[in-house]
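First up is the structure itself, then whatever we jot down about it.
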Amino acid sequence: MTEITLYNSKTRRKERFAPDDPANIGLYVCGPTVYDRAHIGNARPVVVFDVLFRLLRHVYGTGAVRYVRNITDIEDKIIARAAERGIGIDALTAETAGWFQSDMAALGALPPTAEPRATEHVPGMVAIIERLIERGHAYAAEGHVLFEVATFPEYGALSGRSTDDMIAGARVEVAPYKRDPMDFVLWKPSTAEQPGWQSPWGRGRPGWHIECSAMSEALLGTEFDIHGGGADLQFPHHENEIAQSCCANPGSGFARYWLHNGMIRVEGQKMSKSLGNFITVQDLLAKGIPGEVVRFVILSTHYRSALDWREEKVAEAEKVLRRWRNLAGAGAGAADPAVLRALADDLNTPGAMAELHRIAADDPGRLLASAGRLGLLTDDLGGWNEAPVAGGAAMELISELLVERTTARKAKDFARADAIRDGLIAAGVAVKDTPQGPQPELTPGFDPTKLEALR
């Protein structure tokens, strides 16, 4: 059996992966808070842990791995966004969770074994909080319930921070009802306008951290093999998960291996809306960038390193994938073991891609099966390479025409709006109207020369 080594964030070293039960491997990854479109930073852990999921299934068997990735569908950002849009929270989260699932499928991510929603597990959260209070690790105050950090001496072991560092470097809420600034919320009261559930402490809703503890316990048990997520979650989210789960279940180690992926920068800068470089997955797909290309770029950097998203990387990825798809054909050869060895070495996807370049040059018959280890060159991501490629000028003109169409519709100039739509269709550009605006998609019959007549 292939030996897998993983870098354990908690021990800060690479370790041989030895599951407690090879027939029942548990993997939990923190999923999205669904109030908007998923950005490329949200996509990175999905793609990274999809590769781990595929690796574990290959080594231990498809039925031996239970992969849980949650959906946070109750959180203050969700409440605020629903109010801003004037729609119900259920309607908002149903829409945005659907967007997330569709976007991740476009990147070739396999569905997790289970995808629990926080709102489905509130009774389990209440039960854990009750156990924490009974064992002296939590206390009720002014309708809130807080975890008392001082009762868990191991707090900070995952992030390697001292209490002073944690207070200085974290968004620690100072409130009069807290015994210590580091104590964190397990339960908080809800107003009449906010969603809430009845509890021993009054009507309220759970804190964010308790949600993952309850969902992982319900679906994987009190102790499981691997917990993953972005490096930004290491503190305080994962630190708090460990504290509350271990204290609620004495003798449990919660997760045995912790994996964290690095963050994404855009053209060398931190991604943020204020800088105008905030990129969603849908933004990329709408520009005609195939999901497989996005996946390739994400995997081209080792998961623990920061990834710098650059346009030239996207262009190079598309070029490489087109070449590989042309070389691979319907190839039925077996996967090259060197690719598996690279992935088994702490998910060394750049190393695996280097092997794919070698295989493409020396033995393309094995390319299809070998790339499949990374979820590349799969049938579900195929077809895009057969479609035409639009240059920057053509895409710019399409964008201008779509803006003009939107303006015409608002002005009730439906004749002009319909003429643009029909002209785009005739040129081989399908238009899909979405809540984020019209999204173009090139079809195999795309003819950029027909666009000029629409000006």
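Within the set Arg304, Arg256, Arg325, the sole residue that is touching a residue at least 24 places away in the same chain (Cβ under 8 Å), over 30 Å from Ala214 (Cβ atoms) and of a type in the set (Lys, Arg) turns out to be Arg325. Taking the criterion of being aromatic (Phe, Trp, Tyr) and either under 21 Å from Ser213 (Cα atoms) or at pLDDT 95 or above (or both), the residues of segment 146-200 that qualify are Phe147, Phe152, Tyr155, Phe184, Trp187, Trp197. Sub-9 Å Cβ pairs linking a first residue in segment 385-407 that is closer than 16 Å to Ala427 by Cα to a second residue that is modelled with pLDDT under 70 and open to solvent by 70 Å² or more (accessible area, probe 1.4 Å), at least 6 apart or interchain, are Ala387/Pro444; Pro388/Pro444, ordered by first then second residue.
Pairing each residue of segment 88-116 that is charged (D, E, K, R) and in a loop (DSSP other than H, G, I, E, B) with any residue that is modelled with pLDDT of 95 or more and surrounded by fewer than 20 Cβ atoms within 10 Å (Cβ to Cβ), provided the two are 6+ apart or on different chains, yields C-beta distances under 9 Å for Glu115/Ala97; Glu115/Gln101.
Residues considered: Leu356, Leu343. Of these, the only one that is of a type outside the set (S, T, N, Q), modelled with pLDDT of 95 or more, over 17 Å from Phe49 (Cβ atoms) and crowded, with 19+ Cβ neighbours inside 10 Å is Leu356.
Residues that are charged (D, E, K, R) and buried (at least 18 other Cβ atoms within 10 Å of the Cβ) within segment 1-35 comprise just one, Lys10.
If you go through segment 44-76 and keep only what is at pLDDT 95 or above, open to solvent by 50 Å² or more (accessible area, probe 1.4 Å) and among the charged types (D, E, K, R), you end up with Arg57, Arg66.
The set of residues in segment 307-322 being open to solvent by 20 Å² or more (accessible area, probe 1.4 Å) and touching a residue at least 24 places away in the same chain (Cβ under 8 Å) consists of Asp308, Arg310, Glu311, Glu318, Arg322.
Close contacts from segment 164-193, counting a first residue that is open to solvent by 60 Å² or more (accessible area, probe 1.4 Å) and a second that is among the basic types (Lys, Arg) and at pLDDT 95 or above, with Cβ to Cβ under 9 Å and a gap of 6+ residues or different chains, come to Ala192/Arg203. Remark: Glu217 matches the filter, which requires a residue to be acidic (Asp, Glu), surrounded by 20 or more Cβ atoms within 10 Å (Cβ to Cβ) and in contact (Cβ under 8 Å) with a residue 24 or more places away in the chain. Please go through segment 98-110 and pick out each residue that is charged (D, E, K, R) and open to solvent by 30 Å² or more (accessible area, probe 1.4 Å). Answer for segment 98-110, where residues must be charged (D, E, K, R) and open to solvent by 30 Å² or more (accessible area, probe 1.4 Å): there is none.
Before we move on, is Ala91 open to solvent by 30 Å² or more (accessible area, probe 1.4 Å), of a type in the set (Gly, Ala, Ser) and within 19 Å of Ala218 (Cβ to Cβ)? No: the conditions fail for Ala91.
I need the full set of residues from segment 111-127 which are within 21 Å of Ile25 (Cβ to Cβ) and either open to solvent by less than 50 Å² (accessible area, probe 1.4 Å) or modelled with pLDDT under 95 (or both), in order please.
Pro112, Ala114, Pro116
For segment 378-396, the count of residues that are modelled with pLDDT of 95 or more, hydrophobic (A, V, I, L, M, F, W, C) and touching a strand residue (DSSP E or B) at 6+ places or on another chain (Cβ under 6 Å) is zero.
With segment 224-302 as the region, which strands (runs of 3 or more DSSP E) entirely inside it contain at least 3 residues that are open to solvent by less than 10 Å² (accessible area, probe 1.4 Å)? Walk me through how you get there before you give the answer.
Working: elements: 224-230, 255-261, 264-266.
Per the criteria, 224-230, 255-261.
Residues of segment 405-429 that are of a type in the set (A, V, I, L, M, F, W, C) and surrounded by fewer than 13 Cβ atoms within 10 Å (Cβ to Cβ): Ala411, Phe414, Ala415.
The values are calculated or read from the model by the stated rules, or taken from the named source; none is laboratory data. As the structure is a prediction and not an experimental result, all values here were calculated from the model. Every residue, glycine among them, receives a Cβ derived from its backbone with ideal geometry; neighbour counts consider all protein chains shown. Heads up: the accessible areas ignore ligands, DNA and RNA and are worked out on the full protein's heavy atoms, side chains in. Shrake-Rupley method; radii C 1.70, N 1.55, O 1.52, S 1.80 Å.
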